[in-house]
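Undergrad: Please read through the structure below; I'll follow up with questions.
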Amino acid sequence: MNIFNLPKSTEFGRVIPKKAFDVYTNTKQKKAFANVIKRISWTHKLSTKTTNLISKEVKEIQVFYIELKSQSEIKNLIEIIQKAIQYHVILVVQFENEIYFSTSAKHEHISKLNEQVIDCTFKSNGIPQSNNKVELKLSESLDWTFINFCNQLTGRNKPDPTYSEFVVKEVAIKNLEQKIKSLESKLNRESQFNKRVALNMDLTDLKKELNNIINQKA
């Protein structure tokens with residue numbers, strides 16, 4: 001599958017057996033891999049050799065195509081796949097007539113060899129394959145290519161100067177989004193007027209902070 005119309009030089013074309021992830025899974029997760037995922041294909045490999053793009057912090061980008069039998073537990077299985085693959089992975093996930101995209105910024109685990117730590121995850125909504133507007137643009141560098149792809153999924157359009165700065169910013173955004181969500185839930189449960197006023201003030205401050213981070217100049 002070449003949904004991004006990537007050059008032939010990047011084609012890889014290898015089916016990955018689900019048992020390749022056994023070392024990262026428990027018994028329940030192994031069963032989920034068998035029941036939820038139909039096939040995992042490693043379709044493209046983006047590197048300095050296959051794209052002629054320079055590499056700074058993003059060494060390679062792999063493109064995987066995952067065909068699903070069902071969508072149950074897929075979020076956990078995607079996380080397992082991301083932790084198991086050393087390089088940045090863009091997942092094209094298909095269920096019936098819809099596709100969606102998922103990828104993660106990550107770094108090596110400090111003590112567990114061959115395991116990655118996920119910094120933040122980016123995911124699109126499900127869309128009919130024929131309506132896909134998401135692109136994987138090979139331009140400037142592998143770092144720029146990855147950041148640009150993530151920004152398409154979030155709706156942000158200005159790549160940060162470096163990959164490290166991009167990750168720091170996105171982690172801060174996602175932490176604030178989680179705090180806002182938690183505070184909104186707490187506000188909805190609160191009935192006392194004075195406490196609601198205080199919570200609303202805190203919520204306003206957090207939203208302002210989030211907006212400032214999203215719109216800060218590089």
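The values are calculated or read from the model by the stated rules, or taken from the named source; none is laboratory data. Keep in mind it's a predicted model, so treat the numbers as computed, not measured. So basically every Cβ, Gly included, is an ideal-geometry build from the backbone, and we count neighbours across all protein chains shown. Just the protein is used for accessible areas: all its heavy atoms, side chains included, with ligands, DNA and RNA removed. Shrake-Rupley method; radii C 1.70, N 1.55, O 1.52, S 1.80 Å.
Undergrad: Name the residues in segment 13-34 that are in a helix (DSSP H, G or I) and either open to solvent by less than 90 Å² (accessible area, probe 1.4 Å) or touching a Phe, Trp or Tyr at 6+ places or on another chain (Cβ under 6 Å) (or both), would you?
TA: Correct list: K18, A20, F21, D22, Y24, Q29, K30, A32, F33, A34.
Undergrad: Among residues belonging to segment 109-133 that are exposed (fewer than 12 other Cβ atoms within 10 Å of the Cβ) and in contact with a strand residue (DSSP E or B) (Cβ under 7 Å, 6 or more places away or on another chain), point out the one that is nearest to I78 (Cα to Cα).
TA: N125
Undergrad: Determine which single condition C120 fails, assuming it passes every other condition in (1) at pLDDT below 95; (2) in a loop (DSSP other than H, G, I, E, B).
TA: (2)
Undergrad: Moving on. Restricting attention to segment 180-194, report how many residues are among the basic types (K, R), free of Cβ contacts under 8 Å to residues at least 12 places away in the same chain and either within 30 Å of K158 (Cβ to Cβ) or surrounded by 11 or more Cβ atoms within 10 Å (Cβ to Cβ) (or both).
TA: First, pick out the residues of segment 180-194 that are among the basic types (K, R): 181, 186, 189.
Okay, now just the ones that are also free of Cβ contacts under 8 Å to residues at least 12 places away in the same chain, so 181, 189.
If we keep only those that are either within 30 Å of K158 (Cβ to Cβ) or surrounded by 11 or more Cβ atoms within 10 Å (Cβ to Cβ) (or both) as well, we get 181.
Result for segment 180-194: 1.
Undergrad: From the residues in segment 137-164 that are among the hydrophobic types (A, V, I, L, M, F, W, C) and within 18 Å of Y65 (Cα to Cα), which one is surrounded by the fewest Cβ atoms within 10 Å (Cβ to Cβ)? Show your work before the answer.
TA: First, pick out the residues of segment 137-164 that are among the hydrophobic types (A, V, I, L, M, F, W, C): 138, 142, 144, 146-147, 149-150, 153.
Now narrow it down to the ones that are within 18 Å of Y65 (Cα to Cα): 146, 149-150, 153.
Numbers: F146: 24, F149: 20, C150: 23, L153: 18.
Checking each candidate, the answer is L153.
Undergrad: Looking at segment 151-165, I want the residues that are in contact (Cβ under 8 Å) with a residue 12 or more places away in the chain and have a partner that is among the hydroxyl-bearing types (S, T, Y) with Cβ atoms under 9 Å, at least 6 apart or on another chain. Which pairs are those?
TA: Q152/S124; L153/S102; L153/T103; L153/S124
Undergrad: Here are A105, A172: which of them is open to solvent by less than 80 Å² (accessible area, probe 1.4 Å), within 27 Å of L77 (Cα to Cα) and touching a residue at least 60 places away in the same chain (Cβ under 8 Å)?
TA: Within the list A105, A172, the selection yields A105.
Undergrad: How many of the residues in segment 94-107 are of a type in the set (V, I, T) and within 20 Å of Y24 (Cα to Cα)?
TA: Pass one, segment 94-107, residues of a type in the set (V, I, T): 99, 103.
Cutting the leftovers down to within 20 Å of Y24 (Cα to Cα) gives us 103.
So the answer is 1.
Residue-by-condition table, conditions (1) open to solvent by less than 60 Å² (accessible area, probe 1.4 Å); (2) assigned to a helix (DSSP H, G or I):
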residue	(1), (2)
E135	no, no
E177	no, yes
R196	no, yes
L203	yes, yes
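Undergrad: Still on this structure: If only one of L136, L113, L142 is in contact with a Phe, Trp or Tyr (Cβ under 6 Å, 6 or more places away or on another chain) and not acidic (D, E), which one is it?
TA: None of the others qualify; the one that does is L136.
Undergrad: Another question, if that's okay. Tell me which residues, restricted to segment 160-194, are out of contact with any helix residue (DSSP H, G or I) (no Cβ under 9 Å at 6 or more places or on another chain), farther than 24 Å from S104 by Cα and of a type in the set (D, E, K, R). Before you say what the answer is, go through the steps one by one.
TA: At the first step, the residues of segment 160-194 found to be out of contact with any helix residue (DSSP H, G or I) (no Cβ under 9 Å at 6 or more places or on another chain) are 161, 164-165, 167-168, 171, 174-175, 178, 181-182, 185, 188-189, 191-194.
Filter once more, keeping what is farther than 24 Å from S104 by Cα: 185, 188-189, 191-194.
Within segment 160-194, R189 is the sole residue that qualifies.
Undergrad: When the residues of segment 42-60 are narrowed to those that are hydrophobic (A, V, I, L, M, F, W, C) and assigned to a strand (DSSP E or B), which ends up least open to solvent (accessible area, probe 1.4 Å)?
TA: L46
Undergrad: Answer yes or no as to whether Q82 is open to solvent by 20 Å² or more (accessible area, probe 1.4 Å), on the phi < 0 side of the Ramachandran plot and not in a strand (DSSP E or B).
TA: no
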